[in-house]
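Below is one structure, written out as structure tokens, with a few remarks after it.
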Amino acid sequence: KDTRSFPAVWGMWLYYWGRSFLQGAGELVDDLIDMAQKADDPGLVLQAHHAAWATAFSRGDLQSTLRHTEAGLQLYSESRDSANLSSFGNHDARVCSQMFRARALALLGQTQEAVRSSERDRSPTHGKAGHSINRNRRAGGANSTPARHTTSRCSGARSHDAEGKTRCAGSHAG
């Protein structure tokens, strides 16, 4: 596949993931990672990881979520990647990775690390872009669909039992 189609494939991934068609989303993640690696473009590799961490989290694969968020944080460059907000989900990939990372860590019982991860995006250099979708997600607002969707269908998973939460999240995998 030609890398010029990367944004379109990413958009298709977002459509599948947003509707919990996780098998199709996972297949598109594989395509995105392959396309980005062939292009040798760190911005595209970041966005492939962006799709991968969200899909992994939605499938309940918390270790994969952590691997992809870590890779994304290592690749992120504000000067390069903040220009791509409108092309890839209309939010900052760094803030998104930290949110998913914090949620995965919390579900794994690593609450102190989860708090540190969730608070990193409040630094002055990354707060200036005004990412309302991210503020809304942290507050559990209307744009927090994946977490709200899973939590509302798994009311028993609201306890501090990471294993129960993981089972619940896995039960919603496509």
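Each value in this text was obtained by applying a stated rule to the coordinates, not by laboratory testing. Nothing here was measured: the structure is a model prediction, and the numbers come from that model. Positions of Cβ are generated from backbone atoms using ideal geometry, with glycine treated the same way; all protein chains shown enter the neighbour counts.
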Pop out the ³J(HN,Hα) list for the range 104-110 in order, Karplus 6.51 cos²θ - 1.76 cosθ + 1.60 with θ = phi - 60°, rounded to Hz; leave Gly and Pro as x. 5, 4, 4, 5, 8, x, 9
Determine the principal axes of the Cα atoms in the range 1-62, then give the extent along each, sorted from largest to smallest and rounded to whole angstroms. 29, 21, 14
Just to confirm the filter: which trypsin sites (Lys or Arg not before Pro) across the range 19-77 are DSSP coil and have at most 12 other Cβ within 10 angstrom of their Cβ? Arg19
One point scatterer per Cα, no solvent, Debye formula: log10 I(q)/I(0) for the range 24-99 at q = 0.23, 0.27 Å⁻¹ comes out as -1.06, -1.39
Tell me, what ³J(HN,Hα) does each residue in the range 46-57 have, in order and in whole Hz, if you take phi through Karplus 6.51 cos²θ - 1.76 cosθ + 1.60 with θ = phi - 60° and put x for Gly and Pro? 4, 5, 5, 5, 4, 5, 5, 5, 5, 5, 4, 4
